[in-house]
Each structure stands twice: as C-alpha cells, then as structure tokens.
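The values are calculated or read from the model by the stated rules, or taken from the named source; none is laboratory data. Given the structure is predicted, the values throughout are model-derived calculations rather than measurements. Every residue, glycine among them, receives a Cβ derived from its backbone with ideal geometry; neighbour counts consider all protein chains shown. When the accessible area is computed, the model is the full protein with side chains, heavy atoms only, and any ligands, DNA or RNA have been set aside. Shrake-Rupley method; radii C 1.70, N 1.55, O 1.52, S 1.80 Å.
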Amino acid sequence: MAIREILLPLVSYPVAVEEAAIKKSVSVAAHLDAQITAVSFEVDSRPLGGSYTRPFPTDGLTIETPEHKQSLMSAEQMMAVFDTAARASGIGYHKAIKRFVPEDFPSYLAFCARTFDLSLVPVRSFDAMHEKVVEELIFQSGRPLLIFSGAMADRLPTSFDHAAIAWDHSQQATRAIADAMWLLQNAKTVRVFTATDNETSAERESGDALVKYLAAHGIKALFETIPKKASSTGKIFEAYVKNHAIDLLVMGAYRHSRLREFFLPGATYTVVGQPPCWVLMSH
C-alpha cells in the first residue's frame with residue numbers, strides 16, 4: 001500500500017527538533033508523494049486540578065511560565081520552518097500546535113497516528129522525551145514508525161534505494177516487513193540478515209522462506225547470516241548499515257519486554273537512541 005498520509009511529531013520542549021530534520025522530513029514526504037501533518041506542543045504548566053502553581057495577577061492577565069514561553073517559541077519557530085519547506089515542495093500539508101503537559105504529548109501523538117499511514121519521527125540521541133514519543137507510538141498507535149537521527153538529517157538520502165531487513169522470524173519483524181512492503185518494492189537492493197553465532201538449519205530455512213515470500217511480491221533479495229561475536233545486537237545492526245551503505249533498515253521493535261530492554265539494552269533501545277540510518281519499526 002502506498003504511503004499517502006504522514007504524521008510528523010515535533011518535540012518542542014525541553015529541546016526542539018533541528019531545522020534540518022524538519023526540512024528533510026518534508027523532502028521525504030515529497031519523494032513519497034504524500035501529505036504531511038506536523039504536530040507540536042506548548043507546555044501547559046497547570047496541574048491536574050486546574051490551578052497554576054505560579055502566581056497570577058488579579059486583573060485577568062496571565063503570567064506564563066518560562067517552560068510555556070520556551071516551548072511555544074520553539075513550536076512556532078519549527079512550524080515556520082515546516083510551513084516554508086512544505087510550501088516550497090508543493091505537497092499538501094497541515095500543522096497544529098496543541099497545549100499539553102509534556103507527559104501527555106506522546107499519548108496524544110499515538111491517538112493521532114492511528115489515522116495516518118506512517119509516523120515520521122526525528123529523534124535526538126538517547127533523549128528521554130524523544131524516547132517516550134517513539135515508545136508510545138510503537139505500542140499504542142498500531143502504525144509503523146520511520147525514525148531517523150535529527151543530527152544526521154543533512155547526511156541522509158531522501159530516497160530509500162538500499163534496504164536491509166533484520167530478520168529473526170518474530171511477529172514484530174514480520175509486521176515491520178508488511179508495513180515496509182511498498183518501500184521495499186521500490187528499493188534498488190534488498191538484503192536480509194540474521195545475527196547469529198551458530199547458524200542453524202531452521203535459521204537458514206527461515207531466511208530462504210522470507211526471500212521466497214519477497215520474490216512473490218516482486219522484491220529480489222538475498223539472505224545472509226552474520227556473526228554476533230561479543231557485540232550487542234544494536235551495534236551489529238549499526239555495523240551492517242555502515243558496511244553495506246544501507247539507506248533503510250526494517251526491523252521489529254521490542255521483541256523483549258521494555259523492562260528487559262532498559263536493564264539489558266537490546267536492539268530497539270540502541271537503534272532508537274541512535275538510529276544509524278532511516279529505520280522503519282513496527283511492533
């Protein structure tokens with residue numbers, strides 16, 4: 001299925017998304033011939049009871065908190081960059097700045113994402129707010145994510161010519177492949193790899209079966225196993241992307257529990273913290 005509607009979450013607080021990342025997101029939407037909707041937030045500093053903890057004058061004028069001022073300024077600046085880039089590209093677009101306590105923004109994004117084909121998410125390296133946004137979208141939206149490093153935006157291609165699939169025969173990886181099918185069908189090369197120290201016949205059969213399945217959908221792919229040695233799975237993915245000049249990595253997200261990923265960082269935690277390229281993830 002072609003990608004027609006893209007959601008672009010723009011975190012405004014405590015640190016805003018880089019200008020280059022916003023422009024790159026618009027370029028990708030244009031490449032995919034899709035509409036894009038940018039959503040950001042200004043900080044609502046009111047507690048759940050509805051009364052502010054900071055003093056207010058009695059004449060009805062509101063003294064905004066520093067958090068609100070900073071977030072609103074960042075959100076407006078990001079939307080100005082987005083508006084200029086979207087107008088220049090000629091694609092359809094929408095934008096919105098909502099008012100939330102920061103903890104509620106990820107849940108709102110997941111709610112919105114359910115009526116989009118894809119969430120395109122620029123992330124900051126191992127940033128708590130961005131991690132919460134990605135995690136909520138993975139588990140609650142029911143839609144795939146295309147994440148990328150905001151700091152690497154200038155160096156990323158706009159197209160996805162060379163793709164790789166991290167395959168472990170899990171339901172998460174299977175879902176990611178289904179969600180990425182349109183992108184894979186338009187890629188020039190597709191590689192499938194399984195990280196293992198001792199290749200088994202079951203792993204080989206699984207990889208070959210996936211290659212056969214992809215071929216039935218017009219995708220020519222090759223399968224290989226790569227040694228884990230003493231490296232973490234996330235570092236293996238990073239090295240594979242670099243060694244094969246991969247533009248798009250397709251992988252399942254959180255095969256293990258979030259608690260285990262926190263204490264024993266797995267592939268999802270590492271890749272979300274520092275995406276090595278464009279990464280399409282599904283759960």
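Ranked by solvent-accessible area (1.4 Å probe, protein heavy atoms only, all chains present), the residues 94, 283 order from largest to smallest as 94, 283.
So, with +1 on the Cβ of K and R and -1 on the Cβ of D and E, and no other charges, what is the size of the charge dipole of the chain about its Cα centre, to the nearest 20 debye? All intermediate terms of the calculation are to be shown ahead of the outcome.
Values: 28 positive and 31 negative charges, 64 e Å.
Here the chain has a charge dipole of around 300 debye.
Legend: residues 167, 278, 182, sorted from most to least accessible area (1.4 Å probe; ligands, DNA and RNA excluded), read 182, 167, 278.
Under 9 Å from the Cβ of residue 97, count the other residues' Cβ atoms, weight Lys and Arg +1, Asp and Glu -1, and hand me the total. It would help to have the intermediate numbers written out before the result.
Numbers: positive: 95, 98, 99; negative: 42, 76.
Overall, the nearby charge balance is +1.
For segment 137-151, backbone nitrogen atoms closer than 18 Å to the point 7 Å from residue 178 Cα along Cα-to-C-beta are found at 138-146.
For segment 167-276, what is the accessible area per residue in Å² when the probe is 1.4 Å? Write out the running numbers ahead of the final one.
Working: 5940 Å² over 110 residues.
Roughly 54 Å² per residue, with all protein chains present.
Residues considered: 230, 187, 86. Largest GNM mean-square fluctuation over the chain, using C-alpha springs under 10 Å, is found at 230.
Is there a pair in 132/229; 24/132; 132/228; 23/69 whose C-alpha atoms are over 27 Å apart, and which pairs would that be? Exceeds cut-off: 132/229; 132/228.
Taken as Cα centroids, segment 210-229 and segment 116-155 sit 26 Å apart, rounded to the nearest whole angstrom.
Here the Karplus relation 6.51 cos²θ - 1.76 cosθ + 1.60, evaluated at θ = phi - 60°, turns the backbone of segment 101-112 into coupling constants of 6, x, 5, 8, 4, x, 5, 5, 4, 4, 4, 5 Hz, with x for every Gly and Pro. Relative contact order of segment 150-256, taken over Cα pairs closer than 8 Å and 6 or more residues apart, is 41 percent.
Approximating the spin labels as points 7 Å out from Cα along Cα→Cβ, the residue 201-to-residue 99 distance works out to 6.7 nm. Neighbours of residue 117 by Cβ distance under 14 Å: Lys/Arg scored +1, Asp/Glu scored -1, total 0. Of the peptides 218-226, 9-17, 171-179, 65-73, the order by per-residue mean of other Cβ atoms within 10 Å, starting with the highest, comes out as 9-17, 171-179, 65-73, 218-226. The shape of the chain can be summarised by an equivalent ellipsoid whose semi-axes, obtained from the alpha carbon gyration tensor, come to 37, 21, 15 Å from longest to shortest.
Evaluate the Debye formula for segment 151-283 with equal point scatterers sitting on the alpha carbons, no solvent, and hand back log10 of I(q)/I(0) at q = 0.09, 0.14, 0.21 Å⁻¹, in q order, two decimals. Result of the Debye calculation: -0.24, -0.59, -1.38. Each Lys and Arg Cβ is given +1 and each Asp and Glu Cβ -1; about its Cα centre, segment 95-194 then shows a dipole of about 260 debye.
Considering only DSSP beta bridges with both partners in the chain, what is the antiparallel share in %, to the nearest 5?
Details: 3 of 42 bridges.
Of all bridge pairs located within the chain, approximately 5 percent are antiparallel.
Taking the helices alone, the chain has a mean residue ellipticity at 222 nm of -13000 deg cm²/dmol, built from -39,500 (n - 2.57) per DSSP H run of at least 4 residues and averaged over all its residues.
Distance between the 7 Å Cα→Cβ label points at residue 155 and residue 19: 2.1 nm.
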